[in-house]
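In what follows, a single structure is set out as structure tokens and then discussed.
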Amino acid sequence: MNVSSGLDRVIGWLKWPVAFISLIFLPGMFYALSFVARDIARRPGALVPLLVGAGAFLVLWLVLLLPKTSRHYIVTLEHELTHILFSLLTLHRVGGVRASLVGGGHARYEGRGNWLIAIAPFVVPVFSLIVVLIAGWVDRPRLISGVLGFTLTWNVVANWATAHRHHGDHREAGRIFSFLFVTCASLLLLGLVLAYATQARSLTGHLDHVAGPTRAFFAWIVNLLDPS
């Protein structure tokens, strides 16, 4: 058994513990997001740069990319590159990539693979993470917010566009697992991005709001399973 196969097996063992952890964190994710939403409701103008960036990608998508089949690969490029990135991180040799909206594209790698490779594009918006890293050197929060709106909308369209919805990534990872993990990760990402883009609160402050309900929900489950 080679190293990548062994790593696939370990990741496979972690699947349902990760699903359980995702379930435990869900109430905290909703709770923390509600604080950000209330702050934005008090000063909606803070959301404008993010919405402008999102609108810019939607216009690009609807006017230039969607009508031309030959340009559809641009939309799913991030999705397939994320598969490739996590293939490499889990020590799989990559054979190539084909990005296409019709058919969902395809990333080729050696070995059986694992659920992390399958689900990664739905929980790791690579282009947006690059923007966040760049933000450490660029003191232009409104510009960064706009670019985040652009890249996040790119990620959403690539993952959830009607023509792309039939790909088997969720089936490969498992629908129940995908629902728990993707929902939890998406709520965390949305909360952090909105908190950062609107300066609603610090990222550590947002995570603090996640922690409280998470501990309470975990204690409730423990008490439910072992009332004594």
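Look at (1) closer than 18 Å to Trp160 by Cα; (2) at pLDDT below 90; (3) over 18 Å from the mean Cα position of the chain (by Cα); (4) not aromatic (Phe, Trp, Tyr) and you find that Glu78 fails only one, number (3).
For the range 41-57, the candidate set comprises residues that are of a type in the set (A, V, I, L, M, F, W, C) and crowded, with 17+ Cβ neighbours inside 10 Å; within that set, the residue that is farthest from Trp220 (Cα to Cα) is Phe57.
Evaluated against (1) more than 26 Å from Trp13 (Cβ to Cβ); (2) modelled with pLDDT of 85 or more, Ala197 falls short on exactly one condition, (2).
Go through the range 124-143 and give me each residue that's over 18 Å from the mean Cα position of the chain (by Cα) and surrounded by 17 or more Cβ atoms within 10 Å (Cβ to Cβ).
Step one: filter the range 124-143 for residues over 18 Å from the mean Cα position of the chain (by Cα), giving 134-143.
Result: Ala135, single match.
Residues that are in a helix (DSSP H, G or I), modelled with pLDDT under 90 and among the small types (Gly, Ala, Ser) within the range 134-157 comprise just one, Ala135.
Do you know which of the residues in the range 1-20 that are among the β-branched types (Val, Ile, Thr) and touching a residue at least 24 places away in the same chain (Cβ under 8 Å) is nearest to Ala195 (Cα to Cα)? Per the stated criteria, the residue is Val18.
Select from the range 188-203 the residues that are surrounded by fewer than 17 Cβ atoms within 10 Å (Cβ to Cβ) and within 11 Å of the chain's Cα centre (by Cα) and list them in ascending order.
From the range 188-203, those surrounded by fewer than 17 Cβ atoms within 10 Å (Cβ to Cβ) are 190, 199, 202-203; that's our starting set.
Within the range 188-203, just Leu190 meets the criteria.
The combined condition, being at pLDDT below 90, under 27 Å from His72 (Cα atoms) and over 16 Å from the mean Cα position of the chain (by Cα), is not fulfilled by His206. Quick check on Ala185: is it assigned to a helix (DSSP H, G or I), under 14 Å from Asp39 (Cβ atoms) and within 20 Å of the chain's Cα centre (by Cα)? Taking the combined requirement at face value, the residue does not satisfy it. Can you pull out the residues in the range 63-73 that are under 21 Å from Thr151 (Cβ atoms) and touching a residue at least 24 places away in the same chain (Cβ under 8 Å)? If the condition is that a residue be under 21 Å from Thr151 (Cβ atoms) and touching a residue at least 24 places away in the same chain (Cβ under 8 Å), then His72, Tyr73 are the ones that fit.
When the criteria are applied in full, Gly55 meets the requirement of being at pLDDT 95 or above and over 16 Å from Leu189 (Cβ atoms).
For the range 158-176, indicate whether the set of residues that are outside any loop (DSSP other than H, G, I, E, B) and modelled with pLDDT of 90 or more is non-empty.
The first filter runs over the range 158-176 and keeps only residues outside any loop (DSSP other than H, G, I, E, B), leaving 158-160, 162-164, 169-173, 175-176.
Checking which are modelled with pLDDT of 90 or more leaves us with none.
Scanning the range 158-176, I find no residue that is outside any loop (DSSP other than H, G, I, E, B) and modelled with pLDDT of 90 or more, so the answer is no.
Kindly indicate whether Leu91 is of a type outside the set (Ser, Thr, Tyr) and in a helix (DSSP H, G or I). Taking the combined requirement at face value, the residue does not satisfy it.
The values are calculated or read from the model by the stated rules, or taken from the named source; none is laboratory data. Source: prediction; values computed, not measured. A quick note on method: Cβ atoms are made from the backbone with ideal geometry, for glycine too, and the neighbour counts reach across all protein chains shown.
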